[in-house]
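S.K.: The structure is given below, and queries will be raised subsequently.
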Amino acid sequence: MLGRPTDRFPGPRARLARSTHVRHKGADTQLARPDGSVLEMDEHLMVIDDQYTGAVSPGSAPQRRVLSGGTITKISVGPMDNNSYLIVCSSTGHSLLIDAANEASRLSELIDDHAPTLSLIVTTHQHADHWQALEVIAGGTDSPTAAHSLDAEPLPVVPDLLLNDDDTIDVGDLTLKVIHLRGHTPGSIALALTDSESGTTHLFTGDSLFPGGVGKTPNPTDFNQLLDDVTAKLFGDYGDTTVVYPGHGKDTTLGDERPHLAEWRDRGW
């Protein structure tokens, strides 16, 4: 099991409260942080859309899905419509960022406003569009980083943790399983988070699985390897209600995609 103490990795600057409540003082209404201090009028928390659909685009408000023990916030960043995901444990405030892909300023704002303790940054694979903001975010938060050993070398930050198939990552009271999926890159990974109450699994697949097919591969051998891994390790191990959160674009479920596995193999992409 992976996991390291997170109290050694506080942000370098005092952050805004991660939630606020309304305090009434006479005729005035003030926003107060949980510690009782007043939120000044020129301090603005990033707006989060809690009506989760999974459809975000560059510049749109991030969307947040509430689970029994935490939340998933999805934000689209950069010119390639990359998805970054912030997972926060509700009981501890510890959080995980999946793919510091781009727009470091927006990701920093999201983290400062909504991630009490950023415990780890995971990069799903080595392609540059998934780590353009990694160096800035890691340096600005002092948070450790992680990636699969086979994709670690091209990253701009040397990972503190090297991930392998079947490892687990603890984020407060939440646990995510690491799934190695070969083909898109040698060290691509997915992360699986299962809701403790509903039993629904939430799969963060990077560029290995999308609505309508697996990720791009350079040759037929790698395509077959990726489809084999996705079929065995994702469709073979998880049910149809499993939600898929890809590295670009909209979400899907394994149930929506399962009927098309043979079609994907026949067409070769």
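S.K.: Please find the FRET efficiency linking residue 135 to residue 240, where r is the Cβ-Cβ separation and R0 is fixed at 41 Å, and quote it to the nearest 0.05.
M.R.: 0.60
S.K.: Continuing with the same structure: Can you give me the distance in nm between label points at residue 195 and residue 49, each placed 7 Å from the Cα along the Cα-to-Cβ direction?
M.R.: Result: 2.0 nm between the two label points.
S.K.: Sort the following peptides by mean Cβ neighbour count (other Cβ atoms within 10 Å, averaged over residues), highest first: 178-185, 259-266.
M.R.: Numbers: 178-185: 23.9, 259-266: 11.9.
The densest-packed peptide leads the list: 178-185, 259-266.
S.K.: Of the peptides 86-94, 204-212, how do they stack up when ordered by the mean number of other Cβ atoms within 10 Å, highest first? The partial results should precede the final answer.
M.R.: On the way: 86-94: 19.8, 204-212: 23.3.
Packing proxy ranking, top to bottom: 204-212, 86-94.
S.K.: If you restrict to DSSP beta bridges whose two residues both lie in the range 172-257, what percentage is antiparallel, to the nearest 5? Mind showing how you got there, number by number?
M.R.: Values: 13 of 17 bridges.
Expressed as a percentage, antiparallel bridges in the range 172-257 total about 75.
S.K.: I've got another one for you. Report the dimensions of the range 68-164 along its three principal axes from the alpha-carbon atoms, largest first, rounded to Å.
M.R.: 35, 30, 24
S.K.: When all protein chains stay in place, what accessible area (Å², nearest 10, 1.4 Å probe) is found for residue 250?
M.R.: Around 130 Å² of this residue is reachable by solvent.
S.K.: Right, something else. In what order, largest first, do 238, 245 sit by accessible area if the probe radius is 1.4 Å?
M.R.: On the way: 238 35, 245 0 Å².
Correct descending sequence by accessible area is 238, 245.
S.K.: Follow-up question, since we're still on this one. Sort 145, 231 by accessible area with a 1.4 Å probe, largest first. Mind showing how you got there, number by number?
M.R.: Working: 145 5, 231 50 Å².
Result of the area sort, largest leading: 231, 145.
S.K.: Can I ask one more? Based on alpha-carbon positions alone, could you give the equivalent ellipsoid semi-axes of the range 122-182 from the gyration tensor, as √(5λ), descending, whole Å? Spell out each step's value before the answer.
M.R.: On the way: eigenvalues 70, 49, 16 Å².
Semi-axis lengths for the range 122-182 are 19, 16, 9 Å.
S.K.: Just how large is the dipole of the range 38-194 about the Cα centre, in debye to the nearest 20, putting +1 at every Lys and Arg Cβ and -1 at every Asp and Glu Cβ?
M.R.: 500
S.K.: Now for a separate question. Debye calculation, C-alpha points only, no solvent: report log10 I(q)/I(0) for the range 120-241 at q = 0.09 Å⁻¹, in the same order as the q values.
M.R.: -0.25
S.K.: Can you give the charge dipole size of the range 158-269 about its Cα centre, rounded to the nearest 20 debye, using +1 on the beta carbon of Lys and Arg and -1 on the beta carbon of Asp and Glu? If you can, show how the numbers build up before the last one.
M.R.: On the way: 8 positive and 19 negative charges, 97 e Å.
My answer is approximately 460 debye.
S.K.: Taking 8 Å as the Cα distance limit and 6 or more residues as the minimum spacing, I'd like the relative contact order of the range 111-269 as a percentage. List each step's numbers first, then the result.
M.R.: Values: 291 pairs, mean separation 24.9, N = 159.
Reported as a whole number, the value is 16 percent.
The values are calculated or read from the model by the stated rules, or taken from the named source; none is laboratory data. None of these values were measured; they are calculated from a predicted model. Glycine gets a Cβ as well: all are built from the backbone with ideal geometry, and neighbour counts include every protein chain shown. Remember, those area values only see protein heavy atoms, side chains included, never the ligands or the DNA or RNA. Shrake-Rupley method; radii C 1.70, N 1.55, O 1.52, S 1.80 Å.
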